[in-house]
Amino acid sequence: MRYILLILSIICFSDAVMIGSSKKHEPDTLLLANYYINFQSNVIRTNDKDKYTDKFGFQEEIYIFKPVYYTENFLFHLTLPYRKVNQKITNEKEMGIYDISAGIGYFIPNDYGDLLFLSTLQLPTGEHDKNKQNGALQVAQNRYELQEELYFFKVVKDKKIPFLIDALLAYHYRGENRDTKVDNGNYIGVEATISAILSPNFFIGPAIYYKRYSKEGLVTPNVGSSKYQIGLDALYKFDDKNSLALEYVEDKEVKNRAEGNRFSLRYVFIF
C-alpha cells in the first residue's frame, strides 16, 4: 500500500496530439481550444506487466482553456487547466487549479508539411498543500517542467482515400517537487494519428501512443514506467471556425504504471 500512495502525487495529464493539433494557421489567427480529458484506472501493473491491484479506483478529470495566437512562422500559447481527482483505494478527493503553462512555437520551413518546434514552460501555480503527508493526493505537482516537442502535420490528397497525418515527438524535463525534493525524472513520448478524410468536414482514424517515464515507478519507485496506447480519433468541422474532436484511448503493454482508458473532447473556435 505504501508504494501505491507514491503514485498519487505523480499522475498527471498530457496533451494528446488529436487531429489537427499542429496545423499551421494564417498570421494573426487567434484560436481558442477547450479540452475535457477523463482518465480512469482500476489496475496497476508491475515492471513485469503483472497485475499488482485491480482495485485502484482512480479517476482524473481535466478542463483546459488554451488560447493560441499565430504569426507568420510562430505561435504563442497559454494553457489554463482545472483538475479533479478521485482516489477510491484511499478515499481521497481533490480539485482545483492545476499548473499553468506558456510556450512559443516555430514552424520550420520545409517542403513536406507543417513542422512545428514547440517549447513550453509549466509553472508551479496550481494548488499544492505542503502540509499533507508525503505521497497524499494533490491537485498539482509543485514543480517546474520544461517541455520540448516536435510536431508534424500533413494532408495527403493524391490517394483513393485522402488522409491526414498528425505526429509528435516529445521530451519533458520534470523538475523536483519544491517541498519534498522528489526528483520526477524525464518523459519521452511518441504519438501519431492517421485520419481518413471521409468528407470535407469529417475525419476519423487510429491513434497510437508510446510513453516512457524515467523515474515514475508505481510499484517499484525510481525504476521508471512505460505504456503503449491505442485508440480512435474523430473530428467534425461545423464550419471554417468551429470544430469538435473526440478521442478514446486504451492502455496496452503497461509496465510499472496505472492501466486504464482515456476519453477526450476538444472544441475549437477560430477568430
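The values are calculated or read from the model by the stated rules, or taken from the named source; none is laboratory data. All figures in this text were calculated on a predicted structure; none of them were measured in a lab. No Cβ is skipped: glycine too gets one built from the backbone with ideal geometry, and neighbour counts run over all protein chains shown. Note: accessible area is taken over every heavy atom of the protein model, side chains too, but ligands, DNA and RNA are not part of it. Shrake-Rupley method; radii C 1.70, N 1.55, O 1.52, S 1.80 Å.
Within the option set Arg212, Arg178, Arg262, being within 30 Å of Leu137 (Cβ to Cβ) and in a loop (DSSP other than H, G, I, E, B) holds for one residue only, Arg178.
Within region 46-63, the set of residues being among the hydrophobic types (A, V, I, L, M, F, W, C) and surrounded by fewer than 19 Cβ atoms within 10 Å (Cβ to Cβ) is empty.
Only residues that are exposed (fewer than 15 other Cβ atoms within 10 Å of the Cβ) and more than 16 Å from Glu60 (Cα to Cα) were counted in region 240-271, giving 9. Of Tyr35, Tyr106, which residue is open to solvent by 30 Å² or more (accessible area, probe 1.4 Å), more than 17 Å from Ser226 (Cα to Cα) and either of a type in the set (Gly, Ala, Ser) or at pLDDT 95 or above (or both)? Being open to solvent by 30 Å² or more (accessible area, probe 1.4 Å), more than 17 Å from Ser226 (Cα to Cα) and either of a type in the set (Gly, Ala, Ser) or at pLDDT 95 or above (or both) holds for just one of Tyr35, Tyr106, which is Tyr106.
I'd like the full set of residues that are within 14 Å of Tyr63 (Cβ to Cβ) and either at pLDDT below 90 or open to solvent by 60 Å² or more (accessible area, probe 1.4 Å) (or both), limited to region 85-101. Of everything in region 85-101, those that are within 14 Å of Tyr63 (Cβ to Cβ) and either at pLDDT below 90 or open to solvent by 60 Å² or more (accessible area, probe 1.4 Å) (or both) turn out to be Met95, Ile97. Of the residues examined, Asp183 is one that is under 23 Å from the mean Cα position of the chain (by Cα), more than 30 Å from Lys24 (Cβ to Cβ) and either β-branched (Val, Ile, Thr) or open to solvent by 40 Å² or more (accessible area, probe 1.4 Å) (or both). Picking from residues in region 232-271 that are touching a strand residue (DSSP E or B) at 6+ places or on another chain (Cβ under 6 Å) and acidic (Asp, Glu), the one that is nearest to Lys55 (Cα to Cα) is Glu259. Selection over region 228-239 of residues that are farther than 21 Å from Tyr187 by Cβ and open to solvent by less than 30 Å² (accessible area, probe 1.4 Å) gives a count of 3.
Candidates are the residues of region 142-164 that are surrounded by 19 or more Cβ atoms within 10 Å (Cβ to Cβ) and of a type outside the set (Phe, Trp, Tyr); the one that is farthest from the chain's Cα centre (by Cα) is Leu164.
In region 147-166, the qualifying residues are those that are in contact with a Ser or Thr (Cβ under 9 Å, 6 or more places away or on another chain) and among the acidic types (Asp, Glu), and the one that is farthest from Asn186 (Cα to Cα) is Asp166. Residue under question is Asn131, and the condition is that it be out of contact with any strand residue (DSSP E or B) (no Cβ under 8 Å at 6 or more places or on another chain), modelled with pLDDT of 90 or more and open to solvent by 20 Å² or more (accessible area, probe 1.4 Å); does it hold? When the stated conditions are applied, Asn131 does not pass them.
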